[in-house]
Structures are given as structure tokens and as C-alpha cells.
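See structure below.
No value in this document is a laboratory result; all are computed from the given coordinates. Just so it is clear, the model here is predicted, and its values are computed rather than measured. Here the Cβ positions follow ideal geometry from the backbone for every residue, glycine too, while neighbour counts run over all protein chains shown.
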Amino acid sequence: MSKIEGAIHEIHAMDAMASEDKWINKLHPLVKLLVTFIYIFIVVSFDSTDINGLLSMILYPVLIFITAELDLKMCLKRLRIVLPLVCLVGLFNPFFDREILFYAGSVGITRGMITMVTLIIKGVFTVLAAYILIASSKIEDICRALRMLHVPKIFVTLILLIYRYVTLFLQEVNRMTQAYALRAPNQKGISYKAWGSLAGLILLRAMDRASAVYESMCLRGFDGEFKRENSTQLCGNDWIYLISLSALILFLRYVHLFELVGNMIMK
């Protein structure tokens, strides 16, 4: 399986995961979206040197991964490209902020080191929260929840169509590269002389397919709105999830759980 085919397979696998018969998948997408927004907002609100408090926020993704039976190994595999980029955000902080905060033995720990670690943890936590949302909700349900929050219709439509057209684009790239490989079986990769024409053909073919898909959507009555029966009704489980998870996240924001447990053990 080529890398492009693997990427297409991963997209379909995520869609299949969001369609599974799990308790978290059955929840209303609005409550999952709100909990994700609350969690990300609380995570980024921590001070740049408050590692102890920030580490407590790991309880939310751990709790969801365990109770929803999400595969952490598969999550890390699918986020193998995003997570390193997230970790690079604060990589240069130690070089710019050299103020020493404390010593670990004879080694001085600078503010830049602490802020670097904090930024990495924040990035990892926010990515995990987004993954939980995507793994438990279809893209149509997420867009429906965004419209319920009165996000402008044009932005919601762009999110939906970009997500769907990525698969079409990858399929066209896969077809064109396979066709090129069949016509040049002894050549490794694609010659730089064919890059321009090949990219143009891929773009034109993808645009044609995307236009056909959009026209078929319009013929079926799509106008940017997501009309479903009981789309705005939240059941008891939805309210329990929203209130309990929001309360847990707020509790973790003001109570440093690991520090509290450590103090209790030391006593």
C-alpha cells in the first residue's frame, strides 16, 4: 500500500470509527463540541510556568480513552505527523529566555525550559481533545453542531467540503501517480520535468470531481443547513455528559490534582 492509499485508508477508518456503536458516539455532537471547546480554553489558560496544574488536565483524555475504548496506540499513529509539529512550537524558548528559576542539583532550570515543556503539553492535550471529538463524531454532525452555535454557514460549508474533497484529491493523486508509474516502470519517483503538468492535471481532475459532487449535493437539497429531526434536542445522557465533564475540567483547573495527591502521600 502506497503512502497515498494509506492516507485515504486512514480517513475512511476515522469515518468508520465515528460510526461505531459506542456510548460516546451516540451523544449529541453539540455537547461533545462544547466540552472540547471548554477543555481547550481551560488548557491554554494555564500560566506558562504552571506545569503542576497543567498536568492535572490529562485526566480528561485518559478518562475518555478508557471509558470510550479508544485505542491510544492508534491515536498516536494517526497523529504521528501533527504531534512532532506541536512539540516544535516552544523548541527555541530555552535559547531566548535564560532566566534561572531553580536548580535541580547543580543544573539550572531556566524559564525557557519550563515554558517549552508547558507549550508542548498544551499542544499535545489540545490535539488529543480534538482527536476525541473527531473519533466520536462524523464530520456532518460536527458541522451541524457548529451551525447550532451560529457559526456562519459559509465557514461550516467550507469545513465540510474541504474534508470531503481531501479524499477526492488524494484519489486523483493516487490514480495519476499509478498511471505515471505504469508508463515509466524503471523510474524511481516522478521526474521533475513532469511536476508542473502532472500537478495541473491532478488539480483539474479533482476540481471536476468536486464540482460533480457539489452539484449532486445541491440537487439533493443541500443549502449549507443540516436539517434533521430532533437535531436540537438534548437527552438526559447529553446533559449528564456536558455538566459532569465541564465540572471535572473546571475542578482540574483550580485544584492541582497530582500536587494534592502527593501532599496526601507525604503526610
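By definition, a body whose alpha carbon gyration tensor gives a ≥ b ≥ c is oblate when a/c is 1.5 or more and a/b is not larger than b/c, and the chain fits this oblate description.
Rounded to the nearest 0.05, what FRET efficiency is calculated for N237 and S211 with R0 set to 41 Å and r the Cβ-Cβ distance? Result of the calculation: an efficiency of 0.50.
Only DSSP H runs of four or more residues enter the estimate; each adds -39500 (n - 2.57), and after division by the residues of the chain the mean residue ellipticity at 222 nm equals -22500 deg cm²/dmol. For the listed residue pairs K3/K32; K77/K122; K77/K188; K77/K153; K22/K122; K22/K153, the alpha carbons are over 23 angstrom apart in K3/K32; K77/K188; K77/K153; K22/K122; K22/K153. Label-to-label distance for A199 and F92 is 2.6 nm, based on points extended 7 Å past Cα in the beta-carbon direction. Of all complete DSSP H helices in the chain, those with a Cα span along the helix axis of 20 Å or greater and a mean Kyte-Doolittle hydropathy of 0.0 or more are 3-18, 29-44, 111-136, 153-183, 195-219, 236-254.
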